[in-house]
Amino acid sequence: MAEVNEAQKVVRRRDRGEARQEAPPYSADRVDVVRLPEGTTDRDVVAVEEPLEIRIGGEPVAVTMRTPGHDEELALGFCLSEGLAPETAAPTQDFAANAVDVDAPRFDRERLRRSFYTSSSCGVCGKGALEAVAVEAPRVESTLRVPLHVVAGLPERLRESQAAFAATGGLHATGLFDTTGRLLCAREDVGRHNALDKVVGWAFLQGLLPLESALLCVSGRLSFELVQKAAVAGCPVLVAVGAPSSLAVELAADRGITLCGFVRGGRVNVYSEAWRIDG
């Protein structure tokens, strides 16, 4: 509901010409729209969604529906979360559009027999049982403690960096913050899991993994897959505007991650490892 309300506010701001930032050209497109009940025809700005093929050594491994931009980061973050041991990512040798090639020399080729398909809307849908999506990620043992006011302020700080959302009302975001609440990296995408993959991929390229002294904040709800990716990145605190699922709470508790949901209006619900939040 929070996402819907915020999107409605963005639409109203756009209609009044009050969009705060210019969206990157690769993330937004203009389409025709009929506005009812007025019956007027207008141009509207919508989020771009296109497929990205992720290859390892030239062989296709996965297809994800994503918003273009930071594709190498997305490929690296995805491969890290799936335990594919990536090292670098670059455009393919044939320069194919919407494709990235990942260098993962330690990857077991037999894993190519596994079929990957990630939908922008559901992430782990279709994988089924917990065991089918389990990734080897050590329990997060970070002793990090964070003031409550820092955690409570993360969603607003993230929203300030969401230029494409301000223009379209149709993208999720993930932000990486230090313990003072300073934004280190923010990424947007039509898929909430893609946005997180892009941030993890960025952190990997910066040599920041594991994220023992950092916080992740996502713009929507907390699914199992987002907690899984935070665990792989070694991040001790995961914050969201929306609600967590039961499996997200279970996994966070199992991996030692502080899970904070419904972070809005100065209030924070902590579902696991509450000792890290200093009130």
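The values are calculated or read from the model by the stated rules, or taken from the named source; none is laboratory data. For clarity, every value in this text was computed on a predicted model and none was experimentally measured. A quick note on method: Cβ atoms are made from the backbone with ideal geometry, for glycine too, and the neighbour counts reach across all protein chains shown. Accessible surface areas use protein heavy atoms only, side chains included; no ligands, DNA or RNA. Shrake-Rupley method; radii C 1.70, N 1.55, O 1.52, S 1.80 Å.
Once you order the gyration tensor axes a ≥ b ≥ c over the Cα atoms, which shape class does segment 164-247 get: rounded for a/c under 1.5, otherwise prolate or oblate by comparing a/b with b/c? Cα axes put segment 164-247 in the oblate bin. For residue 223, the solvent-accessible surface computed with a 1.4 Å probe is close to 20 Å², ligands and nucleic acids excluded.
Accessible-area rank, largest first, for 139, 276: 139, 276, with all protein chains present and a 1.4 angstrom probe. Per residue, segment 25-109 exposes 51 Å² of accessible surface when a 1.4 Å probe is rolled over the protein heavy atoms with every protein chain present.
Computed from backbone phi, the HN-Hα couplings of segment 157-172 come to 5, 5, 4, 5, 9, 8, 5, 5, 5, 4, 7, 10, x, x, 10, 8 Hz, rounded to whole numbers (Karplus: 6.51 cos²θ - 1.76 cosθ + 1.60, θ = phi - 60°; Gly and Pro given as x). Shape of segment 135-187 from the C-alpha gyration tensor: oblate (a/c of 1.5 or more and a/b not above b/c, with a ≥ b ≥ c the square roots of its eigenvalues). Evaluating 6.51 cos²θ - 1.76 cosθ + 1.60 at θ = phi - 60° for every residue in segment 216-230, the Karplus couplings come out as 10, 10, 10, 7, x, 8, 10, 9, 3, 5, 5, 5, 4, 5, 5 Hz, glycine and proline recorded as x.
Across segment 204-212, rounded Karplus estimates of 3J(HN,Hα) from the backbone phi angles (6.51 cos²θ - 1.76 cosθ + 1.60, θ = phi - 60°) give 4, 5, 7, x, 9, 7, x, 8, 5 Hz, Gly and Pro being marked x. Close amide H partners of residue 184, meaning residues 5 or more places away or on another chain with modelled amide H under 5 Å apart, are 176, 177, 178. Packing around the peptides 45-58, 67-80, taken as the average count of other Cβ atoms within 10 Å per residue, puts them in this order, highest first: 67-80, 45-58.
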